[in-house]
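What follows is one structure encoded as structure tokens, with my remarks underneath.
The values are calculated or read from the model by the stated rules, or taken from the named source; none is laboratory data. All values reported here derive from a predicted model rather than from experimental measurement. All Cβ positions, even for glycine, are placed from backbone atoms using ideal geometry, and neighbour counts span all protein chains on display. SASA here: full protein model, heavy atoms, side chains in, ligands and nucleic acids out. Shrake-Rupley method; radii C 1.70, N 1.55, O 1.52, S 1.80 Å.
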Amino acid sequence: MSISKFKTVTIAGGTNKVDHIIAEAFLDDGSYQIKILRRKPENDNKMAKSLASKGAEIVYVDYNENYNLVKALKGTDVLISALNVDLDGATYCNTQAPAKDASVKRFIPSVKMKVKAHPITDNKNKFRDYVEESGLEYTYIYFGLLQEHILRCGFDIKEKKATFYDDVSKKIPTTSFSDFGKYTVESLKTPEARNSEITVAGANMSLNEYIDIFEKVSGEYIFI
């Protein structure tokens, strides 16, 4: 297994469900010093406490203050943006310039799915341009749909029904919460990830195939 050249990883966010999974994966790996950036003002947060108990440093910042962010990012080798994207992209884009000013070596934006044009994904694409023009190293990681969210695609388990608005035979790439974090950690140990795009999936199955699995495991029939 390759050894990462990076030592300190800072995660902007880290205390929502998916962000927390990424932070825990890095802490479980044990190869990095982990810093979590949380939005000011300070407040009580169960996930932040959990990460701190495992060794993460929690730092409160104002994403609208460049100096504050540069100070918080000093010593960071890798910045992972796990922030939600504002429709205007402001908070999201405010992390790129401070990262360069703080001499961050690699930036991993919050990129999860490849989807059609949409205000949020358009802002992410705009942010990609900013990152690439900045000269920062970067890695874009696409995970597809989170596997734990597949039931949101039209399944009603209680009523044993499924209502779909898309082709049920089309393959859907999915990745589990736990693998989501592990793939992000492994990207830092993969030389090919530098200035590139990684597409990963734990499964690539159709909605029909998910129905078949449910029926076999539960012994119940799903009506479509």
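Restrict the check to segment 200-211 and report whether at least one residue is in a helix (DSSP H, G or I), among the aliphatic types (A, V, I, L, M) and either open to solvent by 30 Å² or more (accessible area, probe 1.4 Å) or within 30 Å of Ile11 (Cα to Cα) (or both). The answer is no; no qualifying residue exists.
Scoring Tyr183 on the criteria (1) more than 21 Å from Gly154 (Cα to Cα); (2) exposed (fewer than 13 other Cβ atoms within 10 Å of the Cβ) leaves a single failure, condition (2).
Rundown of residues vs (1) open to solvent by 30 Å² or more (accessible area, probe 1.4 Å); (2) closer than 25 Å to Leu146 by Cα; (3) in a strand (DSSP E or B), yes/no style:
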{"residue": "Ile3", "(1), (2), (3)": "yes, no, no"}
{"residue": "Val9", "(1), (2), (3)": "no, yes, yes"}
{"residue": "Ile22", "(1), (2), (3)": "no, yes, no"}
{"residue": "Ser31", "(1), (2), (3)": "yes, no, no"}
{"residue": "Gly55", "(1), (2), (3)": "yes, no, no"}
{"residue": "Ile58", "(1), (2), (3)": "yes, no, yes"}
{"residue": "Tyr63", "(1), (2), (3)": "no, no, no"}
{"residue": "Tyr67", "(1), (2), (3)": "yes, no, no"}
{"residue": "Lys71", "(1), (2), (3)": "yes, no, no"}
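For Tyr130, indicate whether it is within 21 Å of Leu83 (Cα to Cα) and modelled with pLDDT of 80 or more. Judged against the criteria, Tyr130 is not a match. Within segment 145-173, the set of residues being among the small types (Gly, Ala, Ser) and either exposed (fewer than 12 other Cβ atoms within 10 Å of the Cβ) or touching a residue at least 60 places away in the same chain (Cβ under 8 Å) (or both) comprises Ala162, Ser169. For beta carbons closer than 7 Å, sequence separation of 6+ or different chains, a first residue in segment 37-60 that is among the β-branched types (Val, Ile, Thr) and a second that is open to solvent by 30 Å² or more (accessible area, probe 1.4 Å), the qualifying pairs are Ile58/Ala52. Of all residues in segment 129-144, none satisfies being farther than 25 Å from Lys5 by Cβ, open to solvent by less than 50 Å² (accessible area, probe 1.4 Å) and in contact with a helix residue (DSSP H, G or I) (Cβ under 8 Å, 6 or more places away or on another chain). With respect to the conditions (1) farther than 26 Å from Lys189 by Cα; (2) within 17 Å of the chain's Cα centre (by Cα); (3) not acidic (Asp, Glu), Ile22 lacks only one, and its number is (1). Restricting attention to segment 64-98, the residues being modelled with pLDDT under 90 and touching a Phe, Trp or Tyr at 6+ places or on another chain (Cβ under 9 Å) number 15. Say whether the condition of being within 23 Å of Asn16 (Cβ to Cβ), part of a loop (DSSP other than H, G, I, E, B) and modelled with pLDDT of 80 or more is met by at least one residue in segment 146-169. No, the conditions are met nowhere in segment 146-169.
Among the residues in segment 175-194, are any part of a strand (DSSP E or B) and at negative phi? Yes, because at least one residue in segment 175-194 is part of a strand (DSSP E or B) and at negative phi.
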